[in-house]
Amino acid sequence: MIEFLLAGQNLPFSVALGVMVAIGLLEGVAAMVGLGVSGVLDSMLPDLDLPDADLDLDLDADADFDLHVDGGLTKLLGWLHVGRVPVLVLFIIFLTSFGLCGLALQWFAETSFGVMLPSLVACVPAFFAALPCVRVTGGLIAKIIPKDETSAVSEDSFVGRVAILTLGTARRSEPAQAKLKDQHGQTHYVMVEPDETEEEFEAGTHVLLVKRNGSVFQAIKNTSDALVDG
């Protein structure tokens, strides 16, 4: 077995498995001292607008596989669950899959034909065989790791909330500043104008946001005690 692992044709796969073990040990030691290799790798990645990782790639003959950063490559990264699973975990899965697939291929070649494939030739099918392994295993991990919760909200969700004018007098086509609280209790400042042409809102007026028009919200005076700010 050792002779098989150290054979020149198997060197890329043995090295991949060795690197995988080394990364695992390094991450374990780093975690014990309060550091994390995984977080460092994730922070080095550029911010990409990745599609949903559950996206099914079109594998038909007519599919477009141009790997542009703003197209196919971004879809490929999403397909591999980059962004949902730590990059280090995906890298370890890839190294393990690549190494095992390559060794399995070489074992099959040697037992069937009495000779192993050249390492460069064997690397190609091993590489492409490892990608589905990364997707499947990464998808399973993505379902069990805790998700980061965010309190970010869309400005569209402000419609229907009560705001209070804080600065100036709001007139139609002359919006003034108002503040409101979202469902998480966070304060936001928006520009508000009356929904009715003849209305005016002075500072301190409580208004109900009824419509959004770009960056400006149209509002009506809040006359209901049941609706309160925040």
- Tally of residues being in a helix (DSSP H, G or I), at pLDDT below 90 and of a type in the set (D, E, K, R) across region 135-174: 3
- Query: For the subset of region 175-187 comprising residues that are over 14 Å from residue 207 (Cβ atoms) and not charged (D, E, K, R), which member is modelled with the lowest pLDDT?
  - Reply: 184
- Query: Inside region 78-115, can you point out the residues that are aliphatic (A, V, I, L, M), part of a helix (DSSP H, G or I) and over 23 Å from residue 19 (Cβ atoms)?
  - Reply: 109
- Collect the residues in region 76-93 that are among the aromatic types (Phe, Trp, Tyr) and without any contact (Cβ under 8 Å) to a residue 60 or more places away in the chain, keeping them in residue-number order. 79
- Message: Residue under question is residue 197, and the condition is that it be under 12 Å from residue 162 (Cα atoms), modelled with pLDDT under 90 and among the hydroxyl-bearing types (Ser, Thr, Tyr); does it hold?
- Response: no
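The values are calculated or read from the model by the stated rules, or taken from the named source; none is laboratory data. Predicted model, so just to flag it, every value in this text is computed and none were measured. Please note: Cβ atoms are built from the backbone with ideal geometry, for glycine as well, and neighbour counts cover all protein chains shown.
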